[in-house]
Amino acid sequence: MSSASDLSSSLSASAGNADAPDDFGPDLGEMLASARGCIPVDDAAFAVAYEATGDAARARLKTCIARLHVLYGAAGGAGVGDVREGRTATRWRQGFTSLEHVAPCAWALVCVDAAWASAPRLLAAVLPALFAGVGVVGVLRVGGSGPWPAPVLAALELAGQEVVADVAPETLPALLDALDASAGAGGADGTTGAGGRLLLLGEHPEQTCALARAHGVPVWRDAPTPIIGIASRRDGIDESDCPDGAVLRAAHPDATFVDVPVLLRPTGGAASSVPLAPLSAVACAPAHASAWLNHAGLVLGPGHEWCWMHPGLSPAWFARRAVALLPASPPADLPGTP
C-alpha cells in the first residue's frame, strides 16, 4: 500500500509542471490522472449519465443553471469573462486614494461524500467558482465507488465542469499538500491569485478541514444532511401555486423532508409552530414566501424544485481582495489612477 508521502510526492511531481494553458493555475486534471487512488470520470460515463437523466430532469437542471447565472454570473467579480485580475485606484472626495487589487483564486476543490446524490446543491457550489474565474475547479467524490448518480454527472456536463474524479480518502490530504507546494497554490509570482479554496459537501472528517487551514486554504462546509420543509396547503391556494413535492424529493434524494405550517405573515401566531430544527430550505406557495424568509435561507416556489443556492457562498468568496490606503496625490505612475 502506498504511503501518504508517496502519494504526495507523486502528485507534487505532476503539479511541478504547473504551466497551465493560461499560466494561472495548476494542471489539476493531470495531477488527478497520475495519482494513485484517483479515478477520473471519463467522457463515456458523462455520456451515459446525460442520456439516463432524461429530458425533463435535464430541463430542470438547465433552469437551475440559468437562475444561478442571473443571480451570480453577471456580478461574479474579477474573474468574469476573460478578466483574471484587476487593480483599481479611486480618488475620494474625503482626501485620500484607495488602491484595490482583486484576483480569483488559482484552484478550488469541491468535495462530496460517497453518498452524495443532489445535482442542484452541487451546481450551487460549483457555479460560483466558475463565475468567479477560478483557475481550475475540480469536483471530487471522496471514498465513492461505482457509477455516479446520473443527474449529478449530467449537471456537471451541462455546467461545463470537466475535472471530475473519485478519490480515496487518503488521497485528498496528499492532493492538498501537492497543491500547496505547486506554483499555482499561491500564484506564479506569489501575489497573483489567492491560493485555493476547499468546499466540503456531505460528511467529511474534521481532519480534512484542519489540514486545509494549516495550508492557509479557506474552507466552506455545507450542512451534512439538509432539512427541507414543505409547507402545507391551505384552502384557497391553487395546487398549481404549490411546489411539486415529488419533484423536489427527486432533486434531493439524500435530504430530510419535513412538513411545516403555512406562514401568512413574517411574524405572528403561526411562527410559534415552526419546527425547532434549522431548515436548509422551504418550499411553499409564492403568497407565503416572504414570511418564510425569516426562518430559512432559501425559499423555493413552484417551477424551482430543482433550483438551489447557498446564500452564504458567492463568487466573492473565491477571490482575494487587498486594499492600499494612500495620500490624496499618489505617484503618477500608479496603475489605474483616475
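Reported count of residues in segment 294-310, each being surrounded by fewer than 17 Cβ atoms within 10 Å (Cβ to Cβ) and among the small types (Gly, Ala, Ser), is 2. Considering 276, 263, the condition of being at pLDDT below 90, surrounded by fewer than 16 Cβ atoms within 10 Å (Cβ to Cβ) and not polar (S, T, N, Q) is satisfied by 276 alone. Restricting 135, 186, 190 to those that are at pLDDT below 95, within 29 Å of residue 86 (Cβ to Cβ) and in contact with a helix residue (DSSP H, G or I) (Cβ under 7 Å, 6 or more places away or on another chain) reduces the list to 135.
The values are calculated or read from the model by the stated rules, or taken from the named source; none is laboratory data. Predicted, not measured: the structure shown is a model, and the values here were computed from it. All Cβ positions, even for glycine, are placed from backbone atoms using ideal geometry, and neighbour counts span all protein chains on display.
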